[in-house]
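Report on the following structure.
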Amino acid sequence: MKTKLILSVLFVFALSFGFAQTKEELKKQKAEKQAEADKYQAEANELQSQIDALPGWRVGAFGTIGGSFSSFNNWYAQGVPNNSSGTIGFTVNAFANKIEDKYFWRNSLNTNLSWVKFDNEDDPTDDDSFREATDVFSVSSLYGRRLSEKWAVSGLVEYRTTILNNFNNPGYLDAGVGFTWTPMNNLVVVIHPLNYNFVFGDNPVFESSLGAKIVADYNGTIFKDIQFRSNLSVFQSYDTSDLSNWTWINSFSYSIFKNIGVGAEFGLRSNRQEAANFQGTTLAAADNDLQTYSTIGITYKF
């Protein structure tokens, strides 16, 4: 009996030791394969950077789609027991860049549109349609002749407005010349000391002026599968700071399966003319609070 017990214990111990040894061997093999994969990924990234540096067109786009819908019937715990609500929104970040040895032509588009609705079904006068919520549209075109590998003399045209409501009221058209610095393939910094900011709108607070234009745009991949674009556009008026404005938009897209993933976009803006128009007051009396928006949803990378 004792002999059988000892043999059983030895068998269990040997079996456990064998499983532990197999597990450690598998972990070791995984680590070796992962190191090999990281090596090839680094080589692939280096080849991609060399491809990006070659002359020719580069085009791409990614966007975010978000939405939700709900309906309540006789849900007495809330103030409006019978209602239907929903939100729909999407963003698009696209670029088409022609990079040559002696010049470049960079074009970009950013738009963020969304609609919301809240229908109180017990109120026959309540609006049951979707209404505009987020409305952002900007397009730019930058042309430069190279002075060196990283510096170029350049001209920029940039247009910003809303398209769902109050199209071109206000609208902003920047046109200027100066220099562009490209310290890396994915980063472009525009420095234009001579720029005219055309402002369109039916309110006298919308004034055009001469000033300086600074744009910093990064569009690339960070942390492996995260597509990231950050665009800062600043206009500094030479007339008065009340006519200056800036917009900073950051977009993220994380791929989960093939080109589908999750993404987010965050926008910041400071514009005293828009604040004065909305508040119905003068530029000097306007309370120029920071403007913000955010969108989170499903993304697709083209």
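The values are calculated or read from the model by the stated rules, or taken from the named source; none is laboratory data. Remember, predicted model here, so these are calculated numbers, not experimental data. Virtual Cβ from ideal backbone geometry, glycine too; neighbours counted across all protein chains shown.
Counting just the residues of region 188-217 that are among the polar types (S, T, N, Q) and either outside any strand (DSSP E or B) or outside the structural domain of PHE278 (by TED's automatic domain parsing) (or both), which one comes out farthest from LEU243 (Cα to Cα)?
Narrowing region 188-217 to residues among the polar types (S, T, N, Q): 195, 197, 203, 208-209.
When the remaining residues are screened for being either outside any strand (DSSP E or B) or outside the structural domain of PHE278 (by TED's automatic domain parsing) (or both), the result is 203, 208.
Numbers: ASN203: 14, SER208: 8 Å.
Restricting to residues being among the polar types (S, T, N, Q) and either outside any strand (DSSP E or B) or outside the structural domain of PHE278 (by TED's automatic domain parsing) (or both), the top hit is ASN203.
Would you please list the contacts, defined by Cβ atoms under 8 Å and residues six or more apart or on different chains, that run from a residue in region 92-110 that is in the same structural domain as THR134 (by TED's automatic domain parsing) and modelled with pLDDT of 95 or more to a residue that is acidic (Asp, Glu) and not in a strand (DSSP E or B)?
none
For region 219-252, what are the residues that are at pLDDT 85 or above and not in a strand (DSSP E or B)?
Result: TYR238, ASP239, THR240, SER241, ASP242, LEU243, SER244.
Which residue out of LYS102, LYS117 is touching a strand residue (DSSP E or B) at 6+ places or on another chain (Cβ under 8 Å), more than 30 Å from TYR293 (Cα to Cα) and not hydroxyl-bearing (Ser, Thr, Tyr)?
Every option except LYS102 fails the conditions.
Identify, by number, the condition in (1) touching a helix residue (DSSP H, G or I) at 6+ places or on another chain (Cβ under 9 Å); (2) crowded, with 16+ Cβ neighbours inside 10 Å that TYR254 doesn't meet.
Status for TYR254: all satisfied but (1).
Might you check whether a residue that is part of a strand (DSSP E or B), touching a Gly at 6+ places or on another chain (Cβ under 7 Å), modelled with pLDDT under 90 and surrounded by 17 or more Cβ atoms within 10 Å (Cβ to Cβ) occurs anywhere in region 75-87?
Taking every residue of region 75-87 in turn, at least one turns out to be part of a strand (DSSP E or B), touching a Gly at 6+ places or on another chain (Cβ under 7 Å), modelled with pLDDT under 90 and surrounded by 17 or more Cβ atoms within 10 Å (Cβ to Cβ).
Any idea how many residues of region 90-127 are in a strand (DSSP E or B), more than 21 Å from the chain's Cα centre (by Cα) and among the hydroxyl-bearing types (Ser, Thr, Tyr)?
The total comes to 1.
State which residue is modelled with the lowest pLDDT when the search covers only region 155-173 and only residues that are of a type in the set (Val, Ile, Thr) and part of a strand (DSSP E or B).
THR161
Residue-by-condition table, conditions (1) more than 21 Å from the chain's Cα centre (by Cα); (2) over 16 Å from ASN245 (Cβ atoms):
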site	(1), (2)
SER154	yes, yes
THR162	no, no
PHE167	yes, yes
VAL177	yes, yes
THR182	no, yes
ASN186	no, yes
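Out of ASP174, ASP135, ASP217, which single residue is in contact with a His (Cβ under 9 Å, 6 or more places away or on another chain) and within 24 Å of LEU268 (Cα to Cα)? Can you show your working first?
Values: ASP135 fails: in contact with a His (Cβ under 9 Å, 6 or more places away or on another chain); ASP217 fails: in contact with a His (Cβ under 9 Å, 6 or more places away or on another chain).
Criteria check complete, one pass: ASP174.
Which of the residues belonging to region 213-237 are surrounded by 14 or more Cβ atoms within 10 Å (Cβ to Cβ) and free of Cβ contacts under 8 Å to residues at least 40 places away in the same chain?
Hits for region 213-237 are ILE214, ALA216, TYR218, GLY220, THR221, ILE226, PHE228, SER230, LEU232, VAL234, GLN236.
Output the number of residues of region 277-302 satisfying the condition of being buried (at least 17 other Cβ atoms within 10 Å of the Cβ), under 22 Å from the mean Cα position of the chain (by Cα) and closer than 21 Å to VAL199 by Cα.
0
Could you figure out which of (1) assigned to a loop (DSSP other than H, G, I, E, B); (2) within 17 Å of GLY220 (Cα to Cα) isn't true of SER255?
All conditions are met except number (1).
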